[in-house]
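Peer 1: Would you mind keeping the following structure in view while I ask a few things?
The values are calculated or read from the model by the stated rules, or taken from the named source; none is laboratory data. The structure presented is a predicted model; accordingly, all values stated were derived computationally and were not measured. Glycine also receives a Cβ, built like all others from the backbone with ideal geometry; neighbour counts cover every protein chain displayed.
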Amino acid sequence: MPRIPFPDHSKQPDRIRQQVEKGINAGKIFSLASEPVWDGFWDFSLALLYNSKLDAQLRELAILRVGHLSGCAYEVYQHEPFARKVGLPDERIRAIKGGLPNPVFTPAEAAVIAFTDDIVKNIRAGDDTLAGVRAIMDDSCLMDLMMAIGWYMMACRVFMTTDLDIDVKPMEFPDEPPPLSKD
């Protein structure tokens, strides 16, 4: 049971209640936020997962690495299936926990993992890891990567601080994005 109880969803706006009632514990705990913050959370999450130019496999490697580095089993549990859905092989999903060096990762994947490690551990990525990711993606994708790393660092801290229970089954990420907060 989380350290902060879930809200009474019957008193929430329809758009929030509909998403939370069909969702997972993460949605329930985030729905404690004020309405404008919920709307921003929801729309930002969808943008990262469905509308970013960042390669989905690289994004999921970064998200899983953040989860492992944060010791957040909830995050890893929820994103392993999504990583599979976007085509990340199980061999790499298992290997991400140990990080680098690991010959299973491509040079591009290793650059993203090194960059993720650097940001999570040091806050400011070093020149070498920044150069490594800039060599494999444009600056727009790089910004999306940094925002995904930061967003999932925040999510892990919310999940860990609230002692969020792992769901009975992971979220089923739809092929098409759910509606935006105001749709």
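Peer 1: Restricting attention to the range 112-152, which residues are farther than 15 Å from Arg59 by Cα and crowded, with 21+ Cβ neighbours inside 10 Å?
Peer 2: If the condition is that a residue be farther than 15 Å from Arg59 by Cα and crowded, with 21+ Cβ neighbours inside 10 Å, then Ala125 is the only one that fits.
Peer 1: For residues that are of a type in the set (Val, Ile, Thr) and outside any helix (DSSP H, G or I), scanning just the range 106-134, find the one that is nearest to Asp144 (Cα to Cα).
Peer 2: Going through the range 106-134, the residues of a type in the set (Val, Ile, Thr) turn out to be 106, 112-113, 116, 119-120, 123, 129, 133.
Those left that are additionally outside any helix (DSSP H, G or I): 106, 123.
Values: Thr106: 20, Ile123: 16 Å.
Step by step, filter the range 106-134, then rank; the result is Ile123.
Peer 1: Out of all the residues in the range 73-94, which are touching a residue at least 60 places away in the same chain (Cβ under 8 Å) and more than 16 Å from Glu172 (Cα to Cα)?
Peer 2: Once the filter is applied, which keeps residues that are touching a residue at least 60 places away in the same chain (Cβ under 8 Å) and more than 16 Å from Glu172 (Cα to Cα), the range 73-94 yields only Ala73.
Table: residues versus (1) at pLDDT 95 or above; (2) acidic (Asp, Glu); (3) surrounded by 20 or more Cβ atoms within 10 Å (Cβ to Cβ).
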position	(1), (2), (3)
Ile4	no, no, no
Asp8	no, yes, no
Arg15	no, no, no
Ser34	no, no, no
Leu61	yes, no, yes
Ala73	yes, no, no
Pro89	yes, no, no
Gly98	yes, no, no
Asn102	yes, no, no
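Peer 1: Same structure again: Check His79, His68 and return the single one that is in a helix (DSSP H, G or I), more than 11 Å from the chain's Cα centre (by Cα) and within 24 Å of Lys121 (Cα to Cα). Walk me through it before giving the result.
Peer 2: Numbers: His79 fails: more than 11 Å from the chain's Cα centre (by Cα).
It is His68.
Peer 1: Is it the case, given these coordinates, that Met160 is in a helix (DSSP H, G or I) and within 17 Å of the chain's Cα centre (by Cα)?
Peer 2: In short, yes.
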